Amino acid sequence: MTRPQHAPRPTLDLDAVRTHLRDAHARRVSTALWTAIADVPVLITEIDRLRTLLALARGQYANLLAAARATLAADQDGENDPLGYLRDEVDANGQLPHRYAPGSRPVDGGR
């Protein structure tokens, strides 16, 4: 299964939040203040969403780095298929090109 690879888009309108805050600061009337305060739960939700995405990205990075290190060590140890570690991790992220999928190895060994 392939995951879409794009930057996550914000789930809120940051320009509107900035406008509400500036308006509340400039006008200092209750309606403007309450409008700005109403943005807080939305901002907290966005922070939580981005924190979750960051944790996922960090985990994927750590796994890819570990696979790269294992690949380098396997190559130095003379293993038969040192790229297997990296291939498995890339496949786990749904990004392995079809030509590298198990069972579809090129006749010339991919070189």
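The values are calculated or read from the model by the stated rules, or taken from the named source; none is laboratory data. It should be emphasised that the depicted structure is a prediction, and the values quoted were computed from it without experimental measurement. When we count neighbours, we look across all protein chains shown, and the Cβ atoms used for this are built from the backbone with ideal geometry, even at glycine.
Restricting attention to region 48-95, the residues that are assigned to a loop (DSSP other than H, G, I, E, B) and modelled with pLDDT of 90 or more add up to 7.
Could you say whether any residue in region 12-22 is among the charged types (D, E, K, R) and within 30 Å of GLN95 (Cβ to Cβ)? No - not one qualifying residue is present in region 12-22.
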